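> There's a structure below that I have some questions on.
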Amino acid sequence: MTRTRLNELYFEWLCSLVENEEYSGGQSYTELFRYLHETEFIYSIPMDANRFEDGVDLRYRFAYECGHDNRMIASYLDDKPCSVFEMMTALSLKCEEHIIMYDPDFGNRTSEWFWNMLKSMKLDMMSDENFDEEYVKRAIIKCLERRYTKKGKGGFFTIDNCSCDLRTVDIWRQMCWYLERRKQNG
């Protein structure tokens, strides 16, 4: 298998984890997902290194679930930094699988957590039909550089009535506070 083919299979696998007609309105978001996947996840708060590593670890989950050799993954996929798409997908999976959010009555909500982040970043309208590369680029930079509002609008999580400036808090803590607010609000 070639490097190019493995990378494409991996990208398709990532997409399959977060695509959902309910949130996409039946539209394709391939261009946005590809742009997110081609953009390096950078961070300024040291604890966010864990989010970077979670994204990289997805490559090995892909290998396990799809029957690929880890040596091939190490050679062909693990030669670049974590992408924004990988980080967001890994965080969505952690939210669903490792935090108390899993509820069999609702089924797998990985895509819900992912799309909530897109909405907070103001990227949820960037379907292939509406894709604006400059807009997407600015939104991602604004998010990664933490130039969003104190309440998180423009970042990965928006939390109304939050007493803390989310620009100063690691992504994991933002997510936990966001989920706690969701539980409180039913």
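The values are calculated or read from the model by the stated rules, or taken from the named source; none is laboratory data. Predicted, not measured: the structure shown is a model, and the values here were computed from it. All Cβ positions, even for glycine, are placed from backbone atoms using ideal geometry, and neighbour counts span all protein chains on display. Side chains included, ligands, DNA and RNA excluded: accessible areas come from the protein's heavy atoms. Shrake-Rupley method; radii C 1.70, N 1.55, O 1.52, S 1.80 Å.
> When the residues of the stretch 149-186 are filtered to those that are among the aliphatic types (A, V, I, L, M) and assigned to a loop (DSSP other than H, G, I, E, B), which remaining residue is farthest from Glu40 (Cα to Cα)? Spell out how you get there, then give the answer.
Applying the first criterion (among the aliphatic types (A, V, I, L, M)) to the stretch 149-186 yields 159, 166, 169, 171, 175, 179.
Now narrow it down to the ones that are assigned to a loop (DSSP other than H, G, I, E, B): 159, 169.
Numbers: Ile159: 25, Val169: 20 Å.
Across the stretch 149-186, the extreme among qualifying residues is Ile159.
> Could you give every pair whose Cβ atoms fall below 9 Å, whose first residue belongs to the stretch 133-148 and is farther than 16 Å from Phe85 by Cα and in a helix (DSSP H, G or I), and whose second residue is open to solvent by less than 80 Å² (accessible area, probe 1.4 Å) and of a type in the set (A, V, I, L, M, F, W, C), counting only separations of at least 6 or pairs across chains?
Taking only residues 6 or more apart or on different chains, the pairs are Tyr135/Leu123; Tyr135/Met126.
> Which of the residues spanning the stretch 149-177 are under 22 Å from Asp124 (Cα atoms), open to solvent by less than 90 Å² (accessible area, probe 1.4 Å) and touching a residue at least 24 places away in the same chain (Cβ under 8 Å)?
Correct list: Gly152, Gly154, Gly155, Phe156, Phe157, Thr158, Ile171, Trp172, Met175, Cys176.
> For Tyr135, work out the one condition from (1) over 18 Å from Arg51 (Cβ atoms); (2) open to solvent by less than 60 Å² (accessible area, probe 1.4 Å); (3) modelled with pLDDT of 95 or more; (4) not aliphatic (A, V, I, L, M) it doesn't fulfil.
Unmet for Tyr135, out of (1) over 18 Å from Arg51 (Cβ atoms); (2) open to solvent by less than 60 Å² (accessible area, probe 1.4 Å); (3) modelled with pLDDT of 95 or more; (4) not aliphatic (A, V, I, L, M): (2).
> Considering only the stretch 111-132, state which residues are in a helix (DSSP H, G or I) and either in contact with a helix residue (DSSP H, G or I) (Cβ under 6 Å, 6 or more places away or on another chain) or of a type in the set (A, V, I, L, M) (or both). Explain how you work it out, then say what you get.
The initial filter retains those residues of the stretch 111-132 that are in a helix (DSSP H, G or I), namely 111-120.
Correct list: Ser111, Trp113, Phe114, Trp115, Met117, Leu118.
> Filter the stretch 30-59 down to the residues that are open to solvent by less than 30 Å² (accessible area, probe 1.4 Å) and of a type in the set (Phe, Trp, Tyr) and list them by number.
Phe33, Phe41, listed by residue number.
> Next question, about the same structure. Output yes when any residue across the stretch 72-85 is within 13 Å of the chain's Cα centre (by Cα) and among the aromatic types (Phe, Trp, Tyr), and no when none is.
If we filter the stretch 72-85 for residues that are within 13 Å of the chain's Cα centre (by Cα), which is where we start, we get 82-85.
If we keep only those that are among the aromatic types (Phe, Trp, Tyr) too, we end up with 85.
Yes, that holds for at least one residue.
> Considering only residues of the stretch 100-114 that are under 16 Å from the mean Cα position of the chain (by Cα), of a type outside the set (Gly, Ala, Ser) and modelled with pLDDT under 95, which is surrounded by the fewest Cβ atoms within 10 Å (Cβ to Cβ)? Give the steps one after another, and end with the answer.
Going through the stretch 100-114, the residues under 16 Å from the mean Cα position of the chain (by Cα) turn out to be 108-114.
Subset that is of a type outside the set (Gly, Ala, Ser): 108-110, 112-114.
If we keep only those that are modelled with pLDDT under 95 too, we end up with 108-110, 112-113.
On the way: Asn108: 14, Arg109: 17, Thr110: 21, Glu112: 18, Trp113: 23.
Among them, the one singled out is Asn108.
> Among the numbered criteria (1) touching a helix residue (DSSP H, G or I) at 6+ places or on another chain (Cβ under 8 Å); (2) surrounded by 14 or more Cβ atoms within 10 Å (Cβ to Cβ), which single criterion is violated by Arg181?
Single failed check for Arg181: (1).
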